[in-house]
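Below is one structure, written out as structure tokens; the observations come after it.
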Amino acid sequence: MRYMFCNCSSLKELNLSNFNTNNVTDMCEMFFGCSSLKELDISNFNINNVIDMHCMFAYCSLLKELNLPNFNSNNIINMEDMFCKCSNDLRCNIFNENKDI
């Protein structure tokens, strides 16, 4: 899934509720530069096999809410700049807790 939606700057909404990510290992820059994306629910993503999330949400400057309640970072090797240049108002639901990023 590396670069899958990278630089889709006009993308405003995205429904990924039916994505099967059970075997995915690379989500590097998946949403990088999606500067019009305001809300993203990837709560059904299984990231147990993911090792690279480098810059996954970088430059998503309008992203205000991100839902990752089943976030399991046990196997992730690279999370560098995962939220680089995101909105200061970004709220994440990680591990079923709201946290400011």
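Remarks
- Rounded to the nearest 20, the size of the Cβ-charge dipole of the range 1-84 about its Cα centre is 140 debye, with Lys and Arg at +1 and Asp and Glu at -1.
- For Kirkwood radius over Cα pairs in Å, the value calculated from this model appears in [x] 13.2; [y] 13.6; [z] 14.0 under label [x].
- Projecting the Cα atoms of 79, 53, 4 onto the charge dipole of the chain, computed from C-beta unit charges around the Cα centre, puts 4 farthest toward the positive end.
- Legend: ranking of residues 65, 13 from fewest to most surrounding C-beta atoms inside 10 Å; resulting order 13, 65.
- Fluctuation leader among 84, 28, 55 - the chain, Gaussian network, Cα springs under 10 angstrom: 84
- Taking other C-beta atoms within 10 angstrom as a stand-in for reagent exposure, 43, 10 fall in the order 10, 43, fewest first.
Every number here is computed from the coordinates shown, using simple stated rules; none is lab data. Values in this document were obtained by computation on a predicted structure and should not be read as measured data. Cβ sites come from the backbone with ideal geometry, for glycine too, and all protein chains shown count toward neighbours.
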